[in-house]
1. Consider M52 carefully, then state whether it is farther than 23 Å from Q204 by Cα and at pLDDT 95 or above.
2. State all residues of region 53-83 that are farther than 14 Å from Y124 by Cβ, crowded, with 18+ Cβ neighbours inside 10 Å and touching a His at 6+ places or on another chain (Cβ under 9 Å); if no residue qualifies, say none.
3. Return the total of residues in region 97-112 being of a type in the set (K, R) and in contact (Cβ under 8 Å) with a residue 60 or more places away in the chain.
4. Check region 139-149 and report whether any residue there is closer than 27 Å to S196 by Cα, in a loop (DSSP other than H, G, I, E, B) and not polar (S, T, N, Q).
5. Over 23 Å from R42 (Cα atoms) and in contact (Cβ under 8 Å) with a residue 12 or more places away in the chain, is that true of L94?
6. Please work out which residue is farthest from M195 (Cα to Cα), limiting yourself to region 28-52 and to residues that are surrounded by fewer than 15 Cβ atoms within 10 Å (Cβ to Cβ) and within 16 Å of the ligand (Cβ to nearest atom).
7. Within 13 Å of the ligand (Cβ to nearest atom) and not charged (D, E, K, R): is that true of N74 in this structure?
8. Looking at (1) in contact (Cβ under 8 Å) with a residue 60 or more places away in the chain; (2) out of contact with any strand residue (DSSP E or B) (no Cβ under 7 Å at 6 or more places or on another chain), find the lone condition where Y7 falls short.
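The values are calculated or read from the model by the stated rules, or taken from the named source; none is laboratory data. All values derive from a computational prediction rather than experimental measurement. FYI the Cβ positions are ideal-geometry reconstructions off the backbone, even for glycines, and counts take in every protein chain you see.
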Amino acid sequence: MSIRDNYKEYAEMLRKQGATLVAVSKTKSVAQLQEAYKAGCRIFGENKVQEMTAKQEALPNDIQWHLIGHLQTNKVKYIAPYVSLIHSIDSLKLLKEINKQAAKHDRIIEGLLQIHIAQEESKYGLSFEEAKELLHSVTIKSLNNAKIVGLMGMATFTEDTTQVKGEFERLRDFFEETNAYALPYVDCRILSMGMSGDYEIALQAGSNMVRIGSAIFGARA
Ligand SMILES: *Cc1c(COP(=O)(O)O)cnc(C)c1O
């Protein structure tokens with residue numbers, strides 16, 4: 001199957017389920033992204049600032065660029081002019097920097113809090129407790145150019161679907177809890193969970209945004 005056909009198949013399937021598809025194009029060439037673009041793809045996910053910026057410059061302006069990988073504070077300035085959604089906000093320090101850089105461009109940048117739900121220690125993200133603290137901090141209320149619009153999480157890389165399901169459901173529960181706080185400065189509407197290997201479980205658990213890479217573009221080197 002071609003990138004074009006893969007994209008169309010996933011886009012159609014996810015549209016029916018009411019979930020947004022982020023086509024994860026990290027490590028893939030501009031020509032490969034163009035194939036997906038021609039098939040209708042307008043949301044691309046990248047995990048590296050430099051790579052995303054180079055692709056953003058090479059591709060049409062009606063694309064929404066999502067940063068899905070760990071973001072260092074000193075690199076926010078490079079994506080601030082154009083980034084559409086940052087999935088990987090994992091500290092108040094980073095959120096403040098996003099706010100500062102967004103203000104320079106007279107924009108409001110939207111982002112998701114990345115929550116650590118996997119067992120693996122290597123993955124980034126906040127604990128539920130840390131996220132709760134951040135959401136209720138005094139500082140967040142004053143950040144007029146950075147807005148939290150939801151949560152992102154990655155499940156453990158395992159064949160144990162019961163475990164994956166449990167991790168996604170815990171995040172879904174926290175998403176609902178966050179909504180119930182009804183914080184005026186938070187618009188908790190996006191729950192970003194699921195990748196090529198576990199998106200079905202994620203959707204069952206309530207995900208409304210999935211990040212699919214290899215199933216569309218093929219395996220990465
Ligand atoms: C690479 C990546 C994905 C996509 O992974 P696939 O298994 O290729 O679908 C999704 N989310 C994040 C955060 C990633 O880094």
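1. Taking the combined requirement at face value, the residue satisfies it.
2. H66, A80, V83
3. Residues meeting the conditions: 0.
4. So far as region 139-149 goes, no, none of its residues is closer than 27 Å to S196 by Cα, in a loop (DSSP other than H, G, I, E, B) and not polar (S, T, N, Q).
5. yes
6. Ranking the candidates gives Q50 first.
7. Against the criterion (within 13 Å of the ligand (Cβ to nearest atom) and not charged (D, E, K, R)), N74 does not qualify.
8. Answer for Y7: the failing condition is (2).
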